[in-house]
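In what follows, a structure is listed as structure tokens, so that the remarks can point back to it.
The values are calculated or read from the model by the stated rules, or taken from the named source; none is laboratory data. Values in this document were obtained by computation on a predicted structure and should not be read as measured data. Positions of Cβ are backbone-derived with ideal geometry, glycine not excepted, and every protein chain shown enters the neighbour counts.
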Amino acid sequence: MNKNLKKILISIIIFTSICVSNVFAEIKVGIILGFTGPISSFTPAMAKSAELAFIEASESDLLLSGKTISSIRIDSTCIDTSSAIKAANNIVSQNVVAVIGASCPNIAQAIATEVTIPNKIIMVSPSSTSPSLKDLVDSGFFFRTSPSDIRSAQILADFTKDKNIKSLAITYVDNSYEENLSKAFKAALEAYNIKVTKNSPHVSGKKDYSSEVAKLATSGGDALAIISYPDRGGKEIIQASLDSGTFNKFIFFDGMIDNSLTDEFSEKLNESFGILSGSKKKGARIFADLINKNGINSGPYIGESYDAAALIVLAMQSGNSTSSESIVKNILDVANSPGTKIYPGELKKGLDLIIKGKKINYEGVTNVEFSKDGKIKGSFLEQVIKNGKFKSQQQR
């Protein structure tokens, strides 16, 4: 064998070795969100926020001795359970070590029960807030970075009381999740002696809701609470209310806190209000600058999405392993006090401290803190529409 041929063969072997090493150095994580369906307007920003944490960890060169993370996005639709399960099985077959999602509780329930828990893959949901998911939390392989709706219903009732609303009507998009949320909200309001004049469903996707609004208005009320989404009847219900002059003040849960509403109605919604999961503390301020620099739109659950990804990354490092069992074992340890507080944009610092055997306390965007059984309390921001724009006020 001549020297030139020998050099070529050695180069090929070295190149092949590097390529193989890079393949095995890549960690795959699934992102299962409703990229189509009722919340499709804000899931792209959620995915980008999670991927921002993965990029940050990958570029640190510290994650498990220089490994990188790639994300595999799949569409849960938030509607088609069988399609979501099929898609989830598909990414499991691609050897993902963890899943971020799902974005809607019915889909989260199905995917966790049928796919991730049986395969012992951790799923961290940034937005599945239904109390019915308690049993999933208890499984050990399901976490969420957003608090239960029982708490959000109470917080919005507190805010409604403070806004001096004495009576209101409620309409919710016609499915079990929103129905249960409406019942929790109604119970919290009535504990304050706030009269709920009517609590009724509306079907999704109609162009005209004038008859539904007329029926709601016959019972009266200082405001109309809409438990829906802008593209599942929310916008059209507001339009019908304004056109008929029946309601001019609206109360929103997070699914309706969307700039598309203020783009559509502007100052006509002034003094309408709601709540959005979030914080005004240090981590939230840092994150606001971070997403601005990276061209990510603000919206519901983006902070929770970044936090979900960051927790997975830090738990990997803490256990020195990409196995789901190890991530589950270490996630509470990196999330809770005591330890050095880690904020958005500081994942490299967190990874380095873990390498050095130091304890960290990931505060993140939303002041992450889990109870011993994996439940999260969470915090909320008051949202009031002023001058035709959503404005964040006090944190609750």
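At a glance:
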| item | result |
| --- | --- |
| Count - residues of segment 242-263 that are of a type in the set (Gly, Ala, Ser) and in contact with an Asp or Glu (Cβ under 9 Å, 6 or more places away or on another chain) | 2 |
| Selection from segment 315-366 of residues that are out of contact with any Lys or Arg (no Cβ under 6 Å at 6 or more places or on another chain) and of a type in the set (Asp, Glu) | 325, 333, 346, 352 |
| Within segment 97-109, tally of residues that are buried (at least 24 other Cβ atoms within 10 Å of the Cβ) and either assigned to a loop (DSSP other than H, G, I, E, B) or touching a His at 6+ places or on another chain (Cβ under 8 Å) (or both) | 3 |
| Residue in segment 244-252 that is surrounded by fewer than 21 Cβ atoms within 10 Å (Cβ to Cβ), touching a residue at least 24 places away in the same chain (Cβ under 8 Å) and more than 28 Å from residue 278 (Cα to Cα) present | yes |
| From 216, 242, residue being assigned by TED's automatic domain parsing to the domain that holds residue 199, within 21 Å of residue 179 (Cα to Cα), among the hydrophobic types (A, V, I, L, M, F, W, C) and over 27 Å from the mean Cα position of the chain (by Cα) | 216 |
| Segment 131-153, residues that are farther than 26 Å from residue 334 by Cβ and either crowded, with 19+ Cβ neighbours inside 10 Å or β-branched (Val, Ile, Thr) (or both) | 149, 150, 153 |
| Of residues in segment 268-282 being of a type in the set (Gly, Ala, Ser) and modelled with pLDDT of 95 or more, the one farthest from residue 340 (Cα to Cα) | 272 |
| Every residue from segment 110-168 that is part of a loop (DSSP other than H, G, I, E, B), without any contact (Cβ under 8 Å) to a residue 24 or more places away in the chain and within 22 Å of residue 94 (Cβ to Cβ) | 118 |
| Within segment 169-191, tally of residues that are among the hydroxyl-bearing types (Ser, Thr, Tyr) and either assigned to a strand (DSSP E or B) or touching an Asp or Glu at 6+ places or on another chain (Cβ under 8 Å) (or both) | 2 |
| Residue count for segment 306-332, restricted to those that are surrounded by fewer than 24 Cβ atoms within 10 Å (Cβ to Cβ) and either touching a strand residue (DSSP E or B) at 6+ places or on another chain (Cβ under 9 Å) or of a type in the set (A, V, I, L, M, F, W, C) (or both) | 6 |
| Hits in segment 214-233 (condition: without any contact (Cβ under 8 Å) to a residue 40 or more places away in the chain and closer than 11 Å to residue 171 by Cβ) | 215 |
| Any chance residue 293 is surrounded by fewer than 21 Cβ atoms within 10 Å (Cβ to Cβ) and modelled with pLDDT under 95 | no |
| Residue list for segment 160-209, restricted to those being small (Gly, Ala, Ser) and either in contact with a strand residue (DSSP E or B) (Cβ under 8 Å, 6 or more places away or on another chain) or surrounded by fewer than 16 Cβ atoms within 10 Å (Cβ to Cβ) (or both) | 167, 169, 176, 182, 187, 191, 200, 204, 205 |
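Residue-wise test of (1) outside the structural domain of residue 293 (by TED's automatic domain parsing); (2) surrounded by fewer than 22 Cβ atoms within 10 Å (Cβ to Cβ); (3) over 17 Å from residue 312 (Cβ atoms).
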{"position": "339", "(1), (2), (3)": "no, yes, yes"}
{"position": "344", "(1), (2), (3)": "no, no, no"}
{"position": "370", "(1), (2), (3)": "yes, yes, no"}
{"position": "384", "(1), (2), (3)": "yes, yes, yes"}
